[in-house]
Amino acid sequence: MTLAFDDILAAQARLKGHIERTPCRLSRTLSEITGAEVWVKFENLQFTAAYKERGALNKLLQLGENVRGRGVIAASAGNHSQGLAYHAARLGIPVTIVMPKGTPFMKVQQTRAHGAEVVIEGDGYDEAAAHARQLCAERELTFVHPFDDLDVMAGQGTVALEMLEDVPDLEVLPIPIGGGGLIAGMATAAKHIKKDIHIVGLEPAMFPSFTAKMRGVRTAQINGASTIAEGIAVKEVGAQTYAIARPLIDEVLLIEEPYFERGIALYCNVEKTVAEGAGAASLAGVLAYPEKFRGKKVGLVITGGNIDTRLLASVLTRELVRESRIVNLRIIGDDRPGLLANVSATIGQMGANIIEVSHNRLALDVPAKGAEFDLMIETRDAQHTQEVMDALRERGYPPRVV
């Protein structure tokens with residue numbers, strides 16, 4: 001079995017009017033930052049905030065009445081479950097979703113809100129999928145695979161159709177790889193329309209499933225690994241998706257965690273939009289390997305925006321630390337009245353803000369008549385931080401970053 005371009009065209013016609021026709025826009029700022037001409041496809045603007053609606057709905061719309069009446073089931077850690085649950089509810093189809101333990105609470109809550117029966121089972125996708133298959137047989141349901149299904153792949157391929165309709169001269173498509181459904185569908189569509197378009201697969205370095213399969217290794221997860229891009233944290237790529245995508249992919253790149261975080265932060269700060277870890281993978285790839293994309297017309301997909309708000313807050317704060325806009329300074333001086341006031345006054349005069357102060361007189365590496373201050377300060381940028389540190393040093397309070 002294979003995926004045909006006509007299958008993707010049929011999916012596009014089938015989905016019309018049921019999903020958002022999301023915009024694909026030029027980002028001038030991201031283009032300046034990366035050195036590429038960056039076009040962004042905002043799939044986080046789908047109702048369930050992810051492209052996964054496309055494949056799930058394309059599958060549902062092709063089910064017979066008897067199958068619809070019995071219901072469907074899936075195993076998913078998030079976006080597939082929400083897309084399937086939402087559109088199944090619209091079509092009056094009962095749906096059960098098996099989600100692994102540790103799935104972000106927001107995704108569990110949103111899936112239930114769409115009317116699905118949610119079963120929490122298994123320590124990862126593989127165990128959740130095994131349980132879903134068991135329930136599928138017991139209840140005579142139809143299993144809707146999140147990626148290794150031709151109808152699902154065809155639905156996902158419509159993302160590339162829309163991108164090349166909007167920007168026909170795109171040169172490179174960096175596409176996240178989890179189970180492989182998105183890249184199989186998008187690469188099939190893109191290579192048919194434009195044979196010389198460059199397809200780049202992107203995987204978390206901690207879950208290099210596609211790369212492992214290319215090298216003949218069965219499993220790819222690094223023991224104890226945890227990635228912020230949990231939406232593409234799959235131990236083993238799909239058999240069908242691999243067979244379809246492998247001949248169409250020009251190269252696969254592995255992405256380290258800080259680049260996912262930077263991608264999330266840049267989308268938030270530059271495009272004023274929310275991306276989850278996997279959703280920022282395309283941008284993360286361009287940030288991690290700028291020389292491969294510089295000077296080229298690149299199409300990025302924000303595949304999803306379902307990120308826990310606390311995690312988003314943490315990522316944005318960590319980015320401030322990474323840019324030296326939030327810094328912890330340690331100052332050791334004589335324990336005399338006015339020391340903290342003088343240090344604070346210097347920081348204030350330099351236009352920086354003190355977020356937190358810790359005063360320690362009992363540290364053994366500090367003289368008995370001395371005191372240790374840890375100050376968390378906020379500045380405009382790394383240069384401003386250095387100016388604050390220089391001012392403190394000139395006034396007799398040499399700081400060090402801790």
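Things worth noting here:
- Note on the range 249-294: Kirkwood hydrodynamic radius from all Cα pairs is 10.7 Å, rounded to one decimal.
- Estimated dipole of the range 220-301 in Debye, rounded to 20 [Cβ of Lys and Arg +1, of Asp and Glu -1, Cα centre]: 320 debye
- Cα shape, the range 47-139, gyration tensor, a/c 1.5 rule: oblate
- Rounded to the nearest 5, the antiparallel percentage of DSSP beta bridges internal to the range 1-154 is 25%.
- Greater than 25 Å apart at Cα, pairs in Lys107/Lys272; Lys235/Lys272; Lys107/Lys235; Lys235/Lys296; Lys52/Lys272; Lys59/Lys107: Lys235/Lys272; Lys235/Lys296
- The slack in the chain from Lys296 to Arg215, taken as 0.36 nm per residue of separation less the alpha-carbon distance, amounts to 26.3 nm.
- Reducing the range 121-185 and the range 249-283 to their Cα centroids gives an inter-centroid distance of 19 Å.
- To the nearest ten degrees, helix 257-270 and the longest principal axis of the Cα atoms of the chain are 90 degrees apart.
- Taking the chain as a Gaussian network of alpha-carbon nodes connected by springs under 10 Å, the highest mean-square fluctuation of the residues Met206, Met99, Met389 belongs to Met389.
- For the chain, the 222 nm mean residue ellipticity estimated from helices alone, with every DSSP H stretch of n ≥ 4 adding -39500 (n - 2.57) and the total spread over all residues, rounds to -13000 deg cm²/dmol.
- Take the Cβ atoms of Ser226 and Ala345, set R0 to 56 Å, and the FRET efficiency comes out at 0.80.
- Extension gain, Lys272 to Leu26: 0.36 nm times the residue separation minus the Cα-Cα distance gives 87.2 nm.
- Those residues of the range 179-207 whose amide nitrogen sits under 19 Å from the label point placed on Asp6, 7 Å along Cα→Cβ: 185, 188-194
- Relative contact order (%) - criterion: Cα under 8 Å, at least six apart; region: the range 289-402: 32 percent
- Counting charges near Ser358 (Lys, Arg +1; Asp, Glu -1) among other residues having Cβ under 10 Å from its Cβ returns a value of -2.
- Choice from Gly115, Gly285, Gly181 with maximal GNM fluctuation in the chain (Cα, 10 Å cutoff): Gly115
- Global size of the chain as Cα Rg and Dmax, reported in angstrom: 24.9, 83
- Most mobile of Asp250, Asp374, Asp123 in a GNM of the chain (Cα contacts under 10 Å): Asp374
Every number here is computed from the coordinates shown, using simple stated rules; none is lab data. Since we're looking at a predicted model, the values are computed, not measured. Heads up, the Cβs are rebuilt from the backbone with ideal geometry, glycines too, and the neighbour counts pull from every protein chain shown.
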